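Q: Input: one structure, supplied below.
Nothing in this text is a laboratory measurement; each read-out follows from the coordinates by a stated rule. Because the structure is a prediction, the values reported are computed rather than measured. In this analysis, Cβ positions are derived from the backbone assuming ideal geometry, glycine residues included, and neighbour counts consider all displayed protein chains.
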Amino acid sequence: MSGSDTTQIAETVLSPFRALVEPYLERIGIDKAVLKDPDAEIPDRKFVELLELISKEDDGLVGIHMAMKLKSRNWGVFGHAVRNAPSVEAALNIMANFINVFSQAVEEKVVVTEDAIGLSYRLSISSIEHRRQDSEFSLAAIISMLREATGADIKARLVQFEHAAPGAIQEYRDFFGVVPKFKQPINTIMFSRSVLAIPMVDADPRLYALSLRYLSERLEERRVECSVIDKISYIVARKLTEGVPTLAQVASAMYMSERTLQRRCNQEGIDFLHLVDHVRHQAAVIQLRKSDRSLTDIASELGYSQLSAFSRAFRRWTGLTPKQYRDTYKEELH
């Protein structure tokens with residue numbers, strides 16, 4: 001997946017700082033509507049650009065200041081999994097293993113030494129030169145999430161940043177509990193292995209299990225190298241419950257103009273209406289084969305206002321009614 005394609009969940013992280021970030025969104029080419037849309041994602045490159053712009057004009061430590069104020073709920077399911085992990089070690093593993101559900105342009109790994117444990121962090125878009133705020137935001141977020149999950153004032157044993165040292169470092173010491181090392185090969189935050197014995201506060205095992213299941217499924221989707229047809233299909237499938245999306249609506253979700261998307265479709269020989277029809281066909285087959293939901297519910301989820309319309313479309317696709325198809329498939333299972 002190229003750097004231009006990677007995206008980052010926006011609404012849950014940015015909306016708590018609406019007054020701060022909104023004036024800058026238009027300047028980096030992002031519609032402020034992302035602050036209200038829970039499904040909105042923005043290019044990772046734009047998120048980095050946003051933080052750097054704010055740091056130059058408003059707050060030189062905006063990365064740390066934002067991260068220290070965020071709660072697990074602001075990170076969506078990813079945050080809930082961390083918050084409800086059974087141990088600090090499990091929480092660190094979730095951060096490393098599932099960060100790409102939240103943001104696809106980063107690499108995060110668990111680092112273990114004889115007397116310390118922590119995470120390394122790297123932005124994988126090498127062409128982004130100025131990335132200080134993103135690095136500071138990310139390491140600050142790691143320790144903030146651990147502090148919320150344990151209710152303990154955990155201090156770092158070691159903090160390393162790739163960028164050069166800023167003018168003042170006292171606030172870094174106050175927040176992390178240690179003076180960071182700068183101009184290092186990779187961003188890293190390490191903790192004494194004694195933190196592994198700190199219990200989690202009110203962790204919910206059931207919510208943890210559900211969160212892991214969802215994150216695993218989403219990670220597989222994120223890892224797929226998406227062509228234009230894959231991206232359109234994914235967006236159409238996601239929006240069908242609201243009605244059949246138009247080309248303009250899909251283009252908006254892909255952060256491009258309708259004309260640009262139409263040109264991309266023409267280049268790849270994609271007929272948009274035919275593709276929408278194909279997505280509905282495939283979704284219908286899966287629902288009929290793998291669920292016992294009512295035909296009316298399935299029709300509604302696929303964007304049909306009436307069961308009769310769904311039945312006509314399904315007969316056109318397969319030569320069978322939805323009921324006949326389901327009955328035939330179930331007979332084949334036995």
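Q: Over 22 Å between Cα atoms, which of K109/K181; K32/K239; K56/K183; K36/K56; K36/K239 qualify? All intermediate terms of the calculation are to be shown ahead of the outcome.
A: Working: K109/K181 19 Å; K32/K239 20 Å; K56/K183 20 Å; K36/K56 26 Å; K36/K239 17 Å.
Long pairs (Cα-Cα over 22 Å): K36/K56.
Q: Another one. How large is the dipole of segment 61-215 about the Cα centre if only Lys and Arg carry +1 and Asp and Glu carry -1, each at its Cβ, rounded to the nearest 20 debye? Before the final figure, lay out each step's value.
A: Numbers: 17 positive and 15 negative charges, 26 e Å.
It comes to approximately 120 debye.
Q: Something else: Give me the Kirkwood hydrodynamic radius of segment 24-68, using the inverse of the mean 1/r over all pairs of distinct Cα atoms, in Å to one decimal.
A: Over segment 24-68, the inverse of the mean reciprocal pair distance is 11.2 Å.
Q: Can you give the extra length, in nm with one decimal, that the chain gains between R173 and D297 once fully stretched, where that is 0.36 nm per residue apart less the Cα-Cα distance?
A: Working: separation 124, 0.36 × 124 = 44.64 nm, distance 5.58 nm.
So the extension gain works out to 39.1 nm.
Q: Taking only DSSP H segments of four or more residues, each worth -39500 (n - 2.57), what value at 222 nm results for the chain once the sum is divided by all its residues, to the nearest 500 deg cm²/dmol?
A: Details: 16 runs with 181 residues, N = 334.
Taken over the chain, the calculation gives -16500 deg cm²/dmol.
Q: Assuming R0 = 41 Å, what is the FRET efficiency of L219 and S308, from their Cβ-Cβ distance, to the nearest 0.05?
A: Details: r = 39 Å, r/R0 = 0.95.
After rounding, the FRET efficiency stands at 0.60.
Q: Tell me which of A164, N100, M190 sits at the most positive position along the dipole axis of segment 61-215, charges placed on C-beta atoms (Lys, Arg +1; Asp, Glu -1).
A: N100
Q: How high is the FRET efficiency from I198 to D59, r the C-beta distance, R0 41 Å, rounded to 0.05? Don't skip to the end; give the middle numbers.
A: Details: r = 31 Å, r/R0 = 0.76.
Computed FRET efficiency for I198 and D59: 0.85.
Q: Report the gain in length on full extension from L247 to T328: 0.36 nm times residue separation, minus Cα-Cα distance, nm rounded to one decimal. Provide the component values of the computation, followed by the final result.
A: Numbers: separation 81, 0.36 × 81 = 29.16 nm, distance 3.52 nm.
Working it through step by step, the gained length comes to 25.6 nm.
Q: Can you check what the net charge comes to around I128, using other residues whose Cβ is under 14 Å from the Cβ of I128 (Lys, Arg +1; Asp, Glu -1)? Intermediate values should be presented prior to the final figure.
A: Numbers: positive: R45, K46, R122, R131, R132; negative: D44, E49, E52, E107, E129, D134, E162.
Summing Lys/Arg as +1 and Asp/Glu as -1 gives -2.
Q: Turning to a different aspect of this structure: How high is the FRET efficiency from V228 to D37, r the C-beta distance, R0 25 Å, rounded to 0.05? Don't jump to the answer; show the numbers that get you there.
A: Working: r = 22 Å, r/R0 = 0.88.
Efficiency at R0 = 25 Å is approximately 0.70.
Q: Charges at C-beta only: +1 for Lys and Arg, -1 for Asp and Glu. How large is the resulting dipole of segment 226-333 about its Cα centre, in Debye rounded to 20?
A: About 80 debye.
Q: Under unit Cβ charges (Lys, Arg +1; Asp, Glu -1), what dipole magnitude, rounded to 20 debye, does the chain have relative to its Cα centre?
A: Its charge dipole is roughly 520 debye.
Q: According to a simple spin-label model (label point 7 Å from Cα along Cα-to-Cβ), what is the distance in nm between V112 and R259?
A: Taking the two extended label points, one gets 5.6 nm.
Q: Same structure, new question: Under a plain spin-label model, where a point goes 7 Å from the Cα along Cα-to-Cβ, how far apart in nm are A164 and N266?
A: That separation, rounded to one decimal, is 4.9 nm.
Q: Can you give the net charge of the other residues whose Cβ lies under 14 Å from the Cβ of R206, counting K and R as +1 and D and E as -1? Let's see the in-between values first.
A: Details: positive: R83, R213; negative: D202, D204.
Result for the neighbourhood of R206: 0.
Q: How much of the pair distance distribution for segment 61-215 lies past 29 Å, counting alpha-carbon pairs only, in percent?
A: Details: 1410 of 11935 pairs.
It works out to 12 percent of all Cα pairs.
Q: Run the simple label-point estimate for H130 and H274 please: 7 Å along Cα→C-beta, distance reported in nm.
A: Result: 4.7 nm between the two label points.
Q: Set Lys and Arg Cβ to +1 and Asp and Glu Cβ to -1, take the dipole of the chain about its Cα centre, and tell me which of Q262, L50, S120 lies farthest positive.
A: Final value for the positive-end residue is Q262.
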